[in-house]
Amino acid sequence: MSASQRKVSGSCQCGAITFEVRGEPSMVIQCHCLNCQKSSGTGHVPIAVFPDSQVDIRGRTKTYNYLADSGGTVSSLFCPECGSSMFGSTTSIPGVTAVRLGAMDDSSAFQPQMDVYMKRLRNWDTPIAGAPAFEAMPPMPQ
């Protein structure tokens, strides 16, 4: 199966929400922002960003909205039953869904390409060796 035909499934911890992503993500990042840290309880969250048309979500999610550094609104989607944080979107980059790699059944095909929000890096956490690193979110392609 070619990368453009790739399909990866996933779910929340309890299985109330399932999803499938198709094809290649536009980017794969490792985010160290405080919101990712607090919602995951870890130092960073690996995320693959897909066009909305490549993501199918089944089940009812709950949304938590907050203001990003960019001034846009970020929506964090999670399971209302088990609390698994799974998806995100932002008004700053419409038309895309960020999928947490940990929610995928097999995320081995997706390697983070850069670290973002290094200004929030915990002294015990480790950035990606040799990858580009940005103090905040870099400018996104339009």
Once Glu81 and Arg22 are pulled to full extension, the length gained, defined as 0.36 nm per residue separation minus their Cα-Cα distance, is 18.7 nm
In whole percent, the fraction of accessible protein surface over the stretch 2-110 that belongs to carbon or sulfur atoms, probe radius 1.4 Å, stands at 49 percent
Looking only at lysines whose Cα falls under 27 Å of Lys62's and that sit 8 or more positions away or on another chain, we get Lys7, Lys38
Compactness summary of the chain: radius of gyration and Dmax from Cα atoms, Å, are 14.4, 40
Using alpha-carbon coordinates alone, the radius of gyration and Dmax of the stretch 1-58 in Å work out to 13.1, 37
From the Cα centre of the stretch 102-124 to that of the stretch 21-51, the distance in Å is 6 Å
About its Cα centre, the chain carries a charge dipole, from +1 on Lys and Arg Cβ atoms and -1 on Asp and Glu Cβ atoms, whose size in debye to the nearest 20 is 200 debye
Residue span Leu67 to Asp52: 0.36 nm per residue of separation minus Cα-Cα distance leaves a gain in nm of 3.3 nm
Subtracting the Cα-Cα distance of Asn123 and Ser92 from 0.36 nm times their residue separation yields 8.2 nm
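The values are calculated or read from the model by the stated rules, or taken from the named source; none is laboratory data. Computed from a predicted structure; not experimentally measured. FYI the Cβ positions are ideal-geometry reconstructions off the backbone, even for glycines, and counts take in every protein chain you see. Protein only, heavy atoms only, side chains kept; ligands, DNA and RNA dropped before computing areas. Shrake-Rupley method; radii C 1.70, N 1.55, O 1.52, S 1.80 Å.
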